Amino acid sequence: MPNVLPLTAPELYDKLKNIKVGGSVCQYSLKKCEEYIPLVNEILRLKKEKNAVILVHSYVTPEIVYSVADYVGDSYKLSRDAMKSKARVIVFVAVRFMGETAKILNPDKEVIVPAKDPGCTLADSITAQDVQNLRKQYPDHTFMCYVNTSVEVKAECDVCVTSANVYQIVEKYPSDKIYFLPDKFMGQNLVNEMKKRGIKKDIKFWNGVCYVHEEYTAEQIFKVRSEYPDVKIVAHPECNAEVVRNSDFVGGTEQLLDYMRKTRARKFLMLTECGLSSRLQSEFPDKELVGSCSLCKYMKSNALEEILEALKSPKPSQVVKIDEPVRLRALKSLEAMFQYAEMKPSSRVCE
Ligand code: 13P
Ligand code: SF4
């Protein structure tokens, strides 16, 4: 339901007051909320005037998540939300590849990505030319791209996946030779998971990494488990195989939140970007987090100021433009994803 009513500083503070992660980037006082409120209400007013919808990834700073967002979630849920929206303008507060996904699905809408630095180390690790070269090398393989790729790369592939559906799609896809790109850790996790499920597929993968998830180690898990025996470890599949093997639950960001919401456990080590820790603290204050927090500088390059400027008059660099032939080819990868993802819900529980 689009959020257009004016917000007050105490209402915003109420959502933010329990957030204690992320150092000064994500810690709040009523005074700080009073400073945000004029910006927030101007964004809400303009959003209505311009018939815009604001989609926000969970990794973005909490003052944005809890003030101007119409929809908050992971890349799969947000791409679904983008398709449902009747708005004329989509403001995608995340990174470029997510805005591109919204544009592929909504060619007649204006899609704006306000971030100052909307990159992603995974999406930036591979080009369309790389995929063309790989296709010559592996002519019998199905090319499967993670959603963290550019539109040009999606256009060269057969099917797209997100962290919420990757295992399910690899299992269901009618091909026993798969080239997965660009994440090498997710690629190795796929190989291990298919082995565990008794599914024989030849899976090759590219060598990209997410610079945030790459930092997590199994040693951190062992240390935390020895200090807090009742802790549950939740990890994103962009973490390495050792981390995944030693975690209690592995899934996309929305699945991780769902797991923590439903389980009776109260203490967690969360091996993913800090925005998700903020959501847990704001929405489930009785749950406790242990361990430290890592920020994605690209997701955190979104700010209320940029959202306002982009709504008033976006810079050319903030407006997503895609050549129609490329869009149509990339759309095929996304349509294949929706077809296989909606066969039945997926996630992997290793409890
Ligand atoms: P999700 O699709 O799980 O939200 O992940 C996106 C991402 O960029 C993780 O680093
Ligand atoms: Fe990309 Fe990693 Fe940031 Fe996600 S957390 S947007 S994969 S750099």
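Lysines near LYS103 by alpha-carbon distance under 18 Å, same-chain residues fewer than 8 away left out - which ones?
Qualifying lysines at Cα under 18 Å: LYS50, LYS77, LYS84, LYS86, LYS154, LYS315, LYS321, LYS332.
Counting only heavy atoms of the protein chains, get the accessible area per residue of region 1-97 (1.4 Å probe) and round it to a whole Å² value.
It amounts to 43 Å² per residue over region 1-97.
Count the DSSP beta bridges whose two residues both fall in the chain, then state the antiparallel fraction as a percent rounded to the nearest 5.
On the way: 3 of 35 bridges.
Antiparallel: roughly 10 percent of the beta bridges in the chain.
Using the Cα centre as the reference, give the magnitude of the dipole from point charges on the C-beta atoms of the chain (Lys, Arg: +1; Asp, Glu: -1; all else neutral), rounded to the nearest 20 debye.
It comes to approximately 540 debye.
State the answer as a single residue: which of SER150, PHE180, GLN129 lies farthest towards the positive end of the charge dipole of region 128-212, with beta carbon charges of +1 for Lys and Arg and -1 for Asp and Glu, about the Cα centre.
Of the listed residues, the answer is PHE180.
Can you find, among PHE205, ALA341, LEU46, the residue sitting farthest towards the positive end of the charge dipole of the chain, where Lys and Arg contribute +1 and Asp and Glu -1 at Cβ?
With unit charges placed on the Cβ atoms, the residue in question is ALA341.
If we count every other residue with Cβ under 11 angstrom of TYR173's Cβ, Lys/Arg +1 and Asp/Glu -1, where does the sum land?
Charge balance in the 11 Å sphere: 0.
Need the full-extension length gain, LYS20 to LEU5, defined as separation in residues times 0.36 nm minus the C-alpha distance. One decimal, nm.
2.7 nm
List every residue whose amide H lies under 5 Å from the amide H of TYR173, counting only residues 5 or more places away in sequence or on a different chain, with H placed 1.01 Å from N in the peptide plane.
Close amide H contacts, sequence-distant or interchain: none at all.
Using a probe of 1.4 angstrom, how much of the accessible area of region 199-349 is carbon and sulfur, in percent?
In region 199-349, the share of accessible area belonging to carbon and sulfur is 52 percent.
Calculate, for GLU283 and SER313, the FRET efficiency according to 1/(1 + (r/R0)^6) with r their C-beta to C-beta distance and R0 30 Å; round to the nearest 0.05.
E(calc), rounded to 0.05, equals 0.30.
Give the carbon-plus-sulfur fraction of the accessible surface of region 93-181 in %, rounded to a whole number; probe 1.4 Å, heavy atoms of protein chains only.
Here carbon and sulfur together make up 42 percent of the probe-accessible area.
Using label points projected 7 Å from each Cα along Cα→Cβ, tell me how many nm separate LYS48 and ARG225, to one decimal.
Label-label distance for LYS48 and ARG225, simple model: 5.3 nm.
Provide the per-residue ³J(HN,Hα) series for region 134-139, in order, calculated from phi with Karplus coefficients 6.51, -1.76, 1.60 and θ = phi - 60°, each as a whole number of Hz, with x at glycine and proline positions.
Using θ = phi - 60°, the values come out as 5, 4, 5, 6, 10, x Hz.
Where does each of 191-201, 8-18, 330-340 land if you order them by average Cβ count within 10 Å, highest first?
Going by the mean number of other Cβ atoms within 10 Å, highest first, we get 330-340, 8-18, 191-201.
With the chain treated as a Gaussian network of Cα nodes joined by springs under 10 Å, which of VAL161, VAL224, VAL131 yields the largest mean-square fluctuation?
Residue with maximal mean-square fluctuation among VAL161, VAL224, VAL131: VAL224.
The values are calculated or read from the model by the stated rules, or taken from the named source; none is laboratory data. All values reported here derive from a predicted model rather than from experimental measurement. Positions of Cβ are backbone-derived with ideal geometry, glycine not excepted, and every protein chain shown enters the neighbour counts. Note: areas computed on protein heavy atoms with side chains; ligands, DNA, RNA excluded. Shrake-Rupley method; radii C 1.70, N 1.55, O 1.52, S 1.80 Å.
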